[in-house]
Amino acid sequence: MGEPHQGEPAGAEAARVDQAGAAAPGGDAAVREAAAVREAAPGETPVRGTPAGSTPVRGSGVREADKPVLGVGMVGYAFMGAAHSQGWRTVGRVFDLPSRPVLAAVCGRAAEAVRAMADRHGWAAAETDWRALIARDDVDLVDICTPGDSHAEIALAALAAGKHVLCEKPLANTVEEAEAMTAAAEAAAARGQVAMVGFNYRRLPATSLARTMVAEGRLGTLRHVRVTYLQDWLVDREFPLTWRLRRERAGSGALGDLGAHIVDLAQYLAGEPVVGVSALTETFVQQRPLPAAASSGLSAVPDAAGLGTVTVDDAALFTGRFASGALASFEASRFATGRKNALRIELNGERGSLAFDLERLNELSYHDHTEPGTHAGFRRILVTEPDHPYLDAWWPPGHGLGYEHSFTHQAHDLVQAIAAGRRSVPSFADGLQVQRVLAAVEESAEKNSVYTPVAVTPVTVASPAVRGDL
(Lines give C-alpha, C1' and ligand atoms only; values in the text may rest on other atoms or scores of the structure.)
Protein backbone atom coordinates (compact mmCIF):
# COMPACT_ATOMS: atom_id res chain seq x y z
CA MET A 1 0.00 0.00 0.00
CA GLY A 2 1.07 3.56 -0.52
CA GLU A 3 0.27 6.38 1.83
CA PRO A 4 -0.43 10.09 1.59
CA HIS A 5 2.43 11.84 -0.17
CA GLN A 6 3.35 14.50 2.30
CA GLY A 7 6.05 16.08 0.12
CA GLU A 8 3.87 16.04 -3.02
CA PRO A 9 1.18 14.67 -3.50
CA ALA A 10 5.04 -17.85 -26.65
CA GLY A 11 5.50 -20.98 -24.73
CA ALA A 12 5.25 -21.24 -21.01
CA GLU A 13 9.02 -21.41 -20.56
CA ALA A 14 9.69 -18.50 -22.88
CA ALA A 15 7.09 -16.41 -21.12
CA ARG A 16 8.51 -16.86 -17.64
CA VAL A 17 9.69 -13.58 -16.15
CA ASP A 18 11.28 -12.21 -12.98
CA GLN A 19 8.31 -13.41 -10.92
CA ALA A 20 10.06 -16.73 -10.32
CA GLY A 21 12.70 -14.88 -8.37
CA ALA A 22 15.85 -16.31 -6.83
CA ALA A 23 15.99 -19.17 -4.38
CA ALA A 24 14.59 -18.15 -1.03
CA PRO A 25 17.20 -16.38 1.09
CA GLY A 26 18.57 -18.11 4.11
CA GLY A 27 19.05 -15.24 6.53
CA ASP A 28 22.43 -14.48 8.11
CA ALA A 29 24.33 -17.20 6.26
CA ALA A 30 23.37 -15.75 2.88
CA VAL A 31 24.38 -12.26 3.96
CA ARG A 32 27.70 -13.39 5.39
CA GLU A 33 28.62 -14.93 2.05
CA ALA A 34 28.08 -11.57 0.35
CA ALA A 35 29.73 -9.45 3.05
CA ALA A 36 33.24 -8.15 2.52
CA VAL A 37 35.00 -8.87 5.80
CA ARG A 38 37.79 -6.45 6.59
CA GLU A 39 39.51 -4.66 9.46
CA ALA A 40 39.92 -0.91 9.54
CA ALA A 41 43.24 0.24 8.09
CA PRO A 42 45.46 2.44 10.25
CA GLY A 43 44.50 6.06 9.79
CA GLU A 44 41.36 5.20 7.85
CA THR A 45 38.73 7.93 7.68
CA PRO A 46 35.83 7.02 9.98
CA VAL A 47 32.54 6.11 8.33
CA ARG A 48 30.12 9.02 8.66
CA GLY A 49 27.67 8.86 11.51
CA THR A 50 29.47 6.05 13.34
CA PRO A 51 30.17 6.40 17.05
CA ALA A 52 33.65 5.51 18.23
CA GLY A 53 34.18 2.25 20.07
CA SER A 54 31.33 0.24 18.51
CA THR A 55 31.54 -3.50 19.00
CA PRO A 56 31.89 -6.28 16.41
CA VAL A 57 28.69 -7.63 14.88
CA ARG A 58 27.65 -11.16 15.82
CA GLY A 59 29.40 -13.75 13.66
CA SER A 60 31.09 -11.52 11.07
CA GLY A 61 34.12 -10.19 12.90
CA VAL A 62 33.47 -6.80 11.30
CA ARG A 63 32.77 -3.83 13.53
CA GLU A 64 29.69 -1.80 12.71
CA ALA A 65 31.99 1.24 12.52
CA ASP A 66 33.90 -0.35 9.65
CA LYS A 67 30.93 -1.17 7.48
CA PRO A 68 30.01 1.15 4.60
CA VAL A 69 26.97 3.28 5.32
CA LEU A 70 23.82 3.00 3.23
CA GLY A 71 21.94 6.24 3.84
CA VAL A 72 18.18 5.81 3.49
CA GLY A 73 15.81 8.65 2.69
CA MET A 74 12.07 8.00 2.82
CA VAL A 75 9.27 9.99 1.17
CA GLY A 76 5.91 9.58 2.94
CA TYR A 77 5.38 8.77 6.59
CA ALA A 78 1.94 7.38 7.46
CA PHE A 79 1.00 3.66 7.54
CA MET A 80 3.61 2.38 5.07
CA GLY A 81 6.15 4.90 6.26
CA ALA A 82 5.89 3.49 9.77
CA ALA A 83 6.14 -0.09 8.47
CA HIS A 84 9.19 0.70 6.34
CA SER A 85 10.78 2.59 9.23
CA GLN A 86 10.41 -0.50 11.40
CA GLY A 87 12.14 -2.57 8.75
CA TRP A 88 15.06 -0.19 8.29
CA ARG A 89 15.45 0.37 12.03
CA THR A 90 15.49 -3.36 12.80
CA VAL A 91 17.31 -5.03 9.91
CA GLY A 92 20.88 -4.24 11.01
CA ARG A 93 20.14 -5.40 14.55
CA VAL A 94 18.89 -8.79 13.37
CA PHE A 95 20.96 -9.67 10.31
CA ASP A 96 24.70 -9.44 9.83
CA LEU A 97 24.67 -7.11 6.84
CA PRO A 98 27.47 -6.14 4.43
CA SER A 99 26.60 -2.46 4.94
CA ARG A 100 24.95 -0.39 7.64
CA PRO A 101 21.57 1.17 6.85
CA VAL A 102 21.22 4.61 8.42
CA LEU A 103 17.88 6.42 8.64
CA ALA A 104 19.17 9.68 7.17
CA ALA A 105 16.00 11.67 6.43
CA VAL A 106 12.25 11.37 6.04
CA CYS A 107 10.14 13.70 3.91
CA GLY A 108 6.64 15.02 4.48
CA ARG A 109 4.72 18.11 3.46
CA ALA A 110 3.62 19.07 6.99
CA ALA A 111 6.77 20.14 8.83
CA GLU A 112 5.52 19.58 12.37
CA ALA A 113 4.02 16.18 11.61
CA VAL A 114 7.04 14.86 9.72
CA ARG A 115 9.38 16.06 12.47
CA ALA A 116 7.30 14.21 15.05
CA MET A 117 7.42 11.10 12.88
CA ALA A 118 11.19 11.41 12.49
CA ASP A 119 11.61 11.63 16.26
CA ARG A 120 9.31 8.70 16.89
CA HIS A 121 10.85 6.34 14.36
CA GLY A 122 14.51 7.34 14.56
CA TRP A 123 15.10 9.38 11.41
CA ALA A 124 18.01 11.82 11.76
CA ALA A 125 16.46 14.63 9.74
CA ALA A 126 13.15 15.77 8.29
CA GLU A 127 12.47 17.43 4.93
CA THR A 128 9.35 18.99 3.46
CA ASP A 129 10.39 18.74 -0.22
CA TRP A 130 11.19 15.34 -1.74
CA ARG A 131 13.54 16.98 -4.23
CA ALA A 132 15.64 18.25 -1.34
CA LEU A 133 15.69 14.75 0.15
CA ILE A 134 16.94 13.24 -3.13
CA ALA A 135 19.65 15.92 -3.35
CA ARG A 136 21.07 15.11 0.10
CA ASP A 137 24.61 13.71 0.05
CA ASP A 138 23.79 11.39 2.95
CA VAL A 139 20.94 9.69 1.07
CA ASP A 140 22.02 6.72 -1.06
CA LEU A 141 18.63 5.03 -1.34
CA VAL A 142 15.20 6.63 -1.76
CA ASP A 143 12.28 4.71 -0.25
CA ILE A 144 8.96 5.82 -1.81
CA CYS A 145 5.89 5.37 0.44
CA THR A 146 3.48 7.75 -1.26
CA PRO A 147 0.23 7.44 -3.23
CA GLY A 148 0.63 6.06 -6.72
CA ASP A 149 0.25 9.41 -8.49
CA SER A 150 3.73 10.48 -7.35
CA HIS A 151 5.65 7.19 -7.67
CA ALA A 152 6.87 7.77 -11.23
CA GLU A 153 8.05 11.35 -10.73
CA ILE A 154 9.95 10.60 -7.53
CA ALA A 155 11.45 7.33 -8.75
CA LEU A 156 12.61 8.78 -12.06
CA ALA A 157 14.23 11.74 -10.30
CA ALA A 158 15.93 9.50 -7.74
CA LEU A 159 17.31 7.14 -10.39
CA ALA A 160 18.54 10.10 -12.46
CA ALA A 161 20.34 11.38 -9.34
CA GLY A 162 22.21 8.09 -8.96
CA LYS A 163 20.20 6.74 -6.02
CA HIS A 164 18.96 3.23 -5.38
CA VAL A 165 15.15 3.05 -5.16
CA LEU A 166 12.58 1.08 -3.20
CA CYS A 167 9.04 1.86 -4.39
CA GLU A 168 5.84 0.73 -2.71
CA LYS A 169 3.27 -1.22 -4.71
CA PRO A 170 1.61 -0.87 -7.07
CA LEU A 171 4.58 0.45 -9.05
CA ALA A 172 2.55 3.19 -10.74
CA ASN A 173 -0.97 4.30 -11.62
CA THR A 174 -0.69 3.42 -15.32
CA VAL A 175 1.16 0.98 -17.57
CA GLU A 176 2.80 3.92 -19.33
CA GLU A 177 4.27 5.25 -16.07
CA ALA A 178 5.43 1.75 -15.09
CA GLU A 179 7.10 1.30 -18.49
CA ALA A 180 9.02 4.56 -18.07
CA MET A 181 10.08 3.57 -14.55
CA THR A 182 11.22 0.13 -15.72
CA ALA A 183 13.24 1.58 -18.58
CA ALA A 184 14.90 4.03 -16.19
CA ALA A 185 15.65 1.23 -13.73
CA GLU A 186 17.28 -0.88 -16.45
CA ALA A 187 19.43 2.05 -17.52
CA ALA A 188 20.36 2.74 -13.89
CA ALA A 189 21.29 -0.92 -13.35
CA ALA A 190 24.11 -0.47 -15.86
CA ARG A 191 25.44 2.21 -13.49
CA GLY A 192 25.26 -0.13 -10.50
CA GLN A 193 21.95 1.12 -9.09
CA VAL A 194 19.26 -1.18 -7.74
CA ALA A 195 15.50 -0.62 -7.98
CA MET A 196 12.96 -2.81 -6.22
CA VAL A 197 9.17 -2.88 -5.68
CA GLY A 198 7.80 -3.37 -2.17
CA PHE A 199 5.68 -6.52 -2.45
CA ASN A 200 6.33 -7.45 1.17
CA TYR A 201 4.22 -10.63 1.26
CA ARG A 202 6.96 -12.35 -0.75
CA ARG A 203 9.17 -11.83 2.29
CA LEU A 204 7.26 -13.97 4.77
CA PRO A 205 9.16 -17.18 5.58
CA ALA A 206 6.12 -19.29 4.71
CA THR A 207 5.60 -17.79 1.25
CA SER A 208 9.33 -17.95 0.54
CA LEU A 209 9.29 -21.61 1.51
CA ALA A 210 6.25 -22.18 -0.70
CA ARG A 211 8.12 -20.67 -3.67
CA THR A 212 11.05 -23.02 -3.04
CA MET A 213 8.75 -26.05 -2.85
CA VAL A 214 7.05 -25.14 -6.14
CA ALA A 215 10.44 -24.58 -7.81
CA GLU A 216 11.59 -27.98 -6.56
CA GLY A 217 8.66 -29.62 -8.32
CA ARG A 218 6.75 -30.65 -5.19
CA LEU A 219 3.45 -29.77 -6.90
CA GLY A 220 4.36 -31.02 -10.36
CA THR A 221 2.53 -29.41 -13.27
CA LEU A 222 0.40 -26.57 -11.94
CA ARG A 223 -3.34 -26.76 -12.58
CA HIS A 224 -5.07 -24.17 -10.37
CA VAL A 225 -4.26 -21.03 -8.38
CA ARG A 226 -7.00 -19.39 -6.31
CA VAL A 227 -6.37 -16.32 -4.22
CA THR A 228 -8.47 -13.84 -2.25
CA TYR A 229 -7.63 -10.66 -0.36
CA LEU A 230 -10.54 -9.35 1.69
CA GLN A 231 -11.01 -6.33 3.98
CA ASP A 232 -14.05 -4.49 5.33
CA TRP A 233 -12.90 -0.97 6.24
CA LEU A 234 -15.14 0.67 3.61
CA VAL A 235 -18.41 -1.01 4.60
CA ASP A 236 -19.52 2.10 6.52
CA ARG A 237 -21.13 4.47 4.00
CA GLU A 238 -20.03 7.41 6.15
CA PHE A 239 -16.33 6.65 5.75
CA PRO A 240 -14.87 9.77 4.08
CA LEU A 241 -13.61 10.17 0.53
CA THR A 242 -9.87 9.83 1.24
CA TRP A 243 -7.20 9.67 -1.47
CA ARG A 244 -7.56 5.89 -1.72
CA LEU A 245 -11.05 6.43 -3.17
CA ARG A 246 -9.93 8.91 -5.83
CA ARG A 247 -8.67 7.55 -9.13
CA GLU A 248 -6.41 10.52 -9.82
CA ARG A 249 -4.45 9.74 -6.65
CA ALA A 250 -4.71 5.97 -6.17
CA GLY A 251 -5.07 4.78 -9.78
CA SER A 252 -7.67 2.18 -8.77
CA GLY A 253 -9.37 0.93 -5.61
CA ALA A 254 -9.34 -2.58 -4.21
CA LEU A 255 -7.83 -3.71 -7.50
CA GLY A 256 -4.58 -1.74 -7.08
CA ASP A 257 -4.52 -1.73 -3.29
CA LEU A 258 -5.18 -5.44 -2.69
CA GLY A 259 -5.22 -6.94 -6.17
CA ALA A 260 -1.64 -5.88 -6.86
CA HIS A 261 -0.48 -7.94 -3.89
CA ILE A 262 -2.31 -11.10 -4.88
CA VAL A 263 -1.35 -10.88 -8.56
CA ASP A 264 2.30 -10.55 -7.61
CA LEU A 265 2.12 -13.31 -5.00
CA ALA A 266 0.37 -15.68 -7.42
CA GLN A 267 2.91 -15.03 -10.19
CA TYR A 268 5.80 -15.32 -7.74
CA LEU A 269 4.67 -18.63 -6.27
CA ALA A 270 3.69 -20.08 -9.65
CA GLY A 271 6.94 -18.91 -11.22
CA GLU A 272 5.17 -17.66 -14.33
CA PRO A 273 3.03 -14.74 -15.50
CA VAL A 274 -0.70 -14.36 -15.94
CA VAL A 275 -1.29 -14.03 -19.69
CA GLY A 276 -5.02 -13.25 -19.82
CA VAL A 277 -7.99 -12.30 -17.61
CA SER A 278 -11.77 -12.01 -17.56
CA ALA A 279 -13.04 -9.57 -14.94
CA LEU A 280 -15.82 -7.85 -13.03
CA THR A 281 -15.44 -4.74 -10.87
CA GLU A 282 -17.99 -2.85 -8.79
CA THR A 283 -18.30 0.36 -6.79
CA PHE A 284 -20.94 -0.30 -4.14
CA VAL A 285 -21.02 3.18 -2.57
CA GLN A 286 -20.93 5.92 -5.19
CA GLN A 287 -20.93 9.01 -2.94
CA ARG A 288 -19.07 9.61 0.34
CA PRO A 289 -18.57 12.52 2.75
CA LEU A 290 -15.61 14.73 2.00
CA PRO A 291 -12.79 14.28 4.53
CA ALA A 292 -11.64 16.79 7.08
CA ALA A 293 -8.27 18.39 6.43
CA ALA A 294 -6.39 15.91 8.63
CA SER A 295 -6.88 12.49 7.07
CA SER A 296 -4.95 9.54 5.68
CA GLY A 297 -5.77 6.67 3.37
CA LEU A 298 -7.05 4.22 5.97
CA SER A 299 -8.48 6.53 8.60
CA ALA A 300 -10.22 9.87 8.39
CA VAL A 301 -12.87 12.13 9.88
CA PRO A 302 -15.77 13.28 7.66
CA ASP A 303 -16.27 16.97 7.03
CA ALA A 304 -19.65 18.68 6.95
CA ALA A 305 -18.86 20.23 3.56
CA GLY A 306 -20.83 17.71 1.53
CA LEU A 307 -20.35 14.62 -0.59
CA GLY A 308 -17.88 13.61 -3.27
CA THR A 309 -17.92 10.92 -5.94
CA VAL A 310 -15.97 7.67 -5.49
CA THR A 311 -14.00 7.13 -8.69
CA VAL A 312 -12.40 3.73 -7.98
CA ASP A 313 -13.65 0.18 -7.59
CA ASP A 314 -14.70 -1.24 -4.23
CA ALA A 315 -14.20 -4.85 -5.36
CA ALA A 316 -12.67 -6.77 -8.25
CA LEU A 317 -13.31 -10.39 -9.21
CA PHE A 318 -11.47 -12.02 -12.11
CA THR A 319 -10.32 -15.29 -13.58
CA GLY A 320 -7.03 -15.73 -15.34
CA ARG A 321 -4.77 -18.07 -17.25
CA PHE A 322 -1.06 -18.59 -16.61
CA ALA A 323 1.50 -19.06 -19.38
CA SER A 324 1.58 -22.81 -18.75
CA GLY A 325 -2.20 -23.10 -19.10
CA ALA A 326 -2.93 -23.25 -15.37
CA LEU A 327 -6.16 -21.53 -14.37
CA ALA A 328 -6.49 -18.87 -11.67
CA SER A 329 -9.19 -16.98 -9.79
CA PHE A 330 -8.71 -13.72 -7.91
CA GLU A 331 -10.95 -11.72 -5.58
CA ALA A 332 -10.11 -8.39 -3.96
CA SER A 333 -12.63 -6.50 -1.86
CA ARG A 334 -12.77 -3.80 0.80
CA PHE A 335 -16.43 -4.70 1.49
CA ALA A 336 -16.05 -8.22 2.91
CA THR A 337 -17.77 -7.70 6.27
CA GLY A 338 -15.80 -9.23 9.13
CA ARG A 339 -12.58 -9.63 7.14
CA LYS A 340 -9.82 -7.28 8.30
CA ASN A 341 -6.75 -8.29 6.29
CA ALA A 342 -7.61 -11.76 5.02
CA LEU A 343 -5.26 -12.95 2.27
CA ARG A 344 -5.38 -16.62 1.27
CA ILE A 345 -3.78 -18.45 -1.66
CA GLU A 346 -3.92 -22.09 -2.75
CA LEU A 347 -2.00 -23.81 -5.55
CA ASN A 348 -3.04 -27.23 -6.90
CA GLY A 349 -0.72 -29.35 -9.06
CA GLU A 350 -0.64 -32.90 -10.35
CA ARG A 351 1.65 -34.01 -7.51
CA GLY A 352 0.33 -31.93 -4.62
CA SER A 353 -1.11 -28.70 -3.24
CA LEU A 354 0.01 -25.77 -1.08
CA ALA A 355 -2.12 -23.26 0.82
CA PHE A 356 -1.19 -20.13 2.79
CA ASP A 357 -3.37 -17.95 5.02
CA LEU A 358 -2.03 -14.57 6.17
CA GLU A 359 -3.98 -14.89 9.42
CA ARG A 360 -1.78 -17.96 10.14
CA LEU A 361 1.36 -16.52 8.63
CA ASN A 362 3.82 -18.90 10.29
CA GLU A 363 2.17 -21.93 8.65
CA LEU A 364 1.84 -23.65 5.29
CA SER A 365 -0.67 -26.36 4.44
CA TYR A 366 0.81 -29.02 2.16
CA HIS A 367 -0.71 -32.08 0.53
CA ASP A 368 1.59 -34.67 -1.10
CA HIS A 369 -0.59 -36.42 -3.67
CA THR A 370 2.07 -39.09 -4.30
CA GLU A 371 1.40 -40.64 -0.89
CA PRO A 372 -1.04 -43.56 -0.53
CA GLY A 373 -4.61 -42.40 -0.14
CA THR A 374 -4.99 -44.35 3.09
CA HIS A 375 -3.00 -41.74 5.02
CA ALA A 376 -2.59 -38.81 2.62
CA GLY A 377 -4.06 -35.38 3.33
CA PHE A 378 -3.18 -31.80 4.04
CA ARG A 379 -0.64 -31.35 6.82
CA ARG A 380 0.56 -28.27 8.64
CA ILE A 381 4.15 -27.13 8.20
CA LEU A 382 5.16 -24.81 11.05
CA VAL A 383 7.57 -22.44 9.32
CA THR A 384 9.78 -21.49 12.28
CA GLU A 385 12.86 -23.69 11.83
CA PRO A 386 16.31 -22.07 11.47
CA ASP A 387 16.74 -23.63 8.02
CA HIS A 388 13.53 -22.04 6.80
CA PRO A 389 13.93 -18.74 4.87
CA TYR A 390 15.20 -15.84 7.01
CA LEU A 391 14.70 -17.66 10.30
CA ASP A 392 18.28 -18.46 11.29
CA ALA A 393 18.49 -14.81 12.40
CA TRP A 394 15.40 -14.85 14.61
CA TRP A 395 14.02 -16.92 17.50
CA PRO A 396 14.08 -20.61 18.51
CA PRO A 397 11.72 -22.98 16.63
CA GLY A 398 8.06 -22.41 17.40
CA HIS A 399 8.47 -18.71 18.18
CA GLY A 400 6.52 -17.11 15.33
CA LEU A 401 7.03 -13.86 13.45
CA GLY A 402 4.49 -11.20 12.46
CA TYR A 403 3.47 -8.75 9.75
CA GLU A 404 6.22 -6.22 10.46
CA HIS A 405 8.98 -8.78 9.92
CA SER A 406 8.22 -8.85 6.18
CA PHE A 407 9.54 -5.27 5.98
CA THR A 408 12.72 -6.21 7.85
CA HIS A 409 13.27 -9.03 5.35
CA GLN A 410 12.54 -6.66 2.48
CA ALA A 411 15.25 -4.32 3.73
CA HIS A 412 17.61 -7.30 4.22
CA ASP A 413 17.18 -8.47 0.62
CA LEU A 414 17.60 -4.99 -0.83
CA VAL A 415 20.78 -4.29 1.15
CA GLN A 416 22.18 -7.66 0.06
CA ALA A 417 21.38 -7.00 -3.60
CA ILE A 418 23.05 -3.57 -3.47
CA ALA A 419 26.18 -5.00 -1.83
CA ALA A 420 26.40 -7.89 -4.30
CA GLY A 421 25.78 -5.69 -7.35
CA ARG A 422 22.91 -7.82 -8.61
CA ARG A 423 19.35 -7.40 -9.75
CA SER A 424 16.83 -7.28 -6.92
CA VAL A 425 13.48 -9.02 -6.95
CA PRO A 426 10.75 -8.03 -7.29
CA SER A 427 12.25 -5.69 -9.87
CA PHE A 428 10.55 -2.79 -11.58
CA ALA A 429 9.98 -5.23 -14.47
CA ASP A 430 8.00 -7.39 -12.03
CA GLY A 431 6.03 -4.33 -10.98
CA LEU A 432 5.32 -3.52 -14.63
CA GLN A 433 4.03 -7.06 -15.20
CA VAL A 434 1.60 -6.66 -12.31
CA GLN A 435 0.52 -3.29 -13.73
CA ARG A 436 -0.21 -4.93 -17.08
CA VAL A 437 -2.47 -7.46 -15.36
CA LEU A 438 -4.32 -4.72 -13.44
CA ALA A 439 -4.84 -2.76 -16.67
CA ALA A 440 -6.17 -5.86 -18.43
CA VAL A 441 -8.60 -6.44 -15.54
CA GLU A 442 -9.99 -2.92 -15.91
CA GLU A 443 -10.23 -3.28 -19.68
CA SER A 444 -12.04 -6.61 -19.37
CA ALA A 445 -14.50 -5.23 -16.80
CA GLU A 446 -15.29 -2.27 -19.05
CA LYS A 447 -16.04 -4.71 -21.92
CA ASN A 448 -18.50 -6.90 -20.00
CA SER A 449 -15.86 -9.40 -18.83
CA VAL A 450 -14.45 -10.21 -22.28
CA TYR A 451 -11.23 -12.27 -22.08
CA THR A 452 -8.32 -9.82 -22.34
CA PRO A 453 -4.72 -10.89 -23.08
CA VAL A 454 -1.87 -9.57 -20.92
CA ALA A 455 1.41 -8.60 -22.56
CA VAL A 456 4.40 -10.26 -20.90
CA THR A 457 7.22 -8.00 -19.76
CA PRO A 458 10.48 -9.10 -21.39
CA VAL A 459 13.43 -9.82 -19.12
CA THR A 460 16.46 -7.61 -19.72
CA VAL A 461 19.85 -7.85 -18.05
CA ALA A 462 21.10 -4.30 -18.35
CA SER A 463 24.76 -4.99 -17.64
CA PRO A 464 27.14 -7.93 -17.10
CA ALA A 465 27.66 -6.44 -13.63
CA VAL A 466 24.02 -7.02 -12.81
CA ARG A 467 23.09 -10.68 -12.47
CA GLY A 468 19.48 -11.45 -13.34
CA ASP A 469 17.86 -13.56 -10.63
CA LEU A 470 15.69 -15.75 -12.84
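Quick rundown of the values:
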{"quantity": "Gain in span if fully extended, E446 to A132, counting 0.36 nm per residue against the direct Cα distance", "calculated": "108.9 nm"}
{"quantity": "Accessible area per residue in Å² at 1.4 Å probe, computed on the stretch 342-411", "calculated": "47"}
{"quantity": "Whole-percent carbon and sulfur share, accessible surface of the stretch 162-226, 1.4 Å", "calculated": "52"}
{"quantity": "Solvent exposure of the stretch 105-183 as accessible area per residue, Å², 1.4 Å probe", "calculated": "36"}
{"quantity": "Long-range amide H partners of A326 with built H, under 5 Å", "calculated": "none"}
{"quantity": "Sequence-distant residues sharing a close amide H with V69 (under 5 Å, placed H)", "calculated": "R100"}
{"quantity": "Anisotropy class of the stretch 341-470 from Cα gyration tensor, a/c 1.5 cut", "calculated": "oblate"}
{"quantity": "Inter-centroid distance (Cα atoms) of the stretch 352-404 relative to the stretch 134-169, Å", "calculated": "36"}
{"quantity": "Gained length - A110 relative to Q287, 0.36 nm times residue gap less alpha-carbon distance", "calculated": "60.9 nm"}
{"quantity": "Given charges at Cβ of Lys, Arg, Asp, Glu: the stretch 345-433 dipole, positive-most of H405, H369, S353", "calculated": "H405"}
{"quantity": "Cβ crowding within 10 Å averaged over residues, with 88-98, 162-172, 267-277, 210-220 ranked highest first", "calculated": "162-172, 267-277, 88-98, 210-220"}
{"quantity": "Heavy-atom accessible area order for D119, D430, largest first, 1.4 Å probe", "calculated": "D119, D430"}
{"quantity": "Accessible surface of the stretch 232-280, 1.4 Å probe, proportion on carbon and sulfur as whole %", "calculated": "49"}
{"quantity": "Label-to-label distance, nm, for residues given as D232 and E385 (7 Å Cα→Cβ offset)", "calculated": "3.7"}
{"quantity": "The stretch 331-470 - percent of accessible surface contributed by carbon and sulfur, probe 1.4 Å", "calculated": "50"}
{"quantity": "Protection proxy ranking, peptides 193-199, 122-128, 247-253, average beta carbon neighbours within 10 Å, highest first", "calculated": "193-199, 247-253, 122-128"}
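The values are calculated or read from the model by the stated rules, or taken from the named source; none is laboratory data. Just so we're clear, the structure is a prediction, and the values are computed from it rather than from any experiment. Every residue, glycine among them, receives a Cβ derived from its backbone with ideal geometry; neighbour counts consider all protein chains shown. For accessibility, only protein heavy atoms count, side chains too; no ligands or nucleic acids. Shrake-Rupley method; radii C 1.70, N 1.55, O 1.52, S 1.80 Å.
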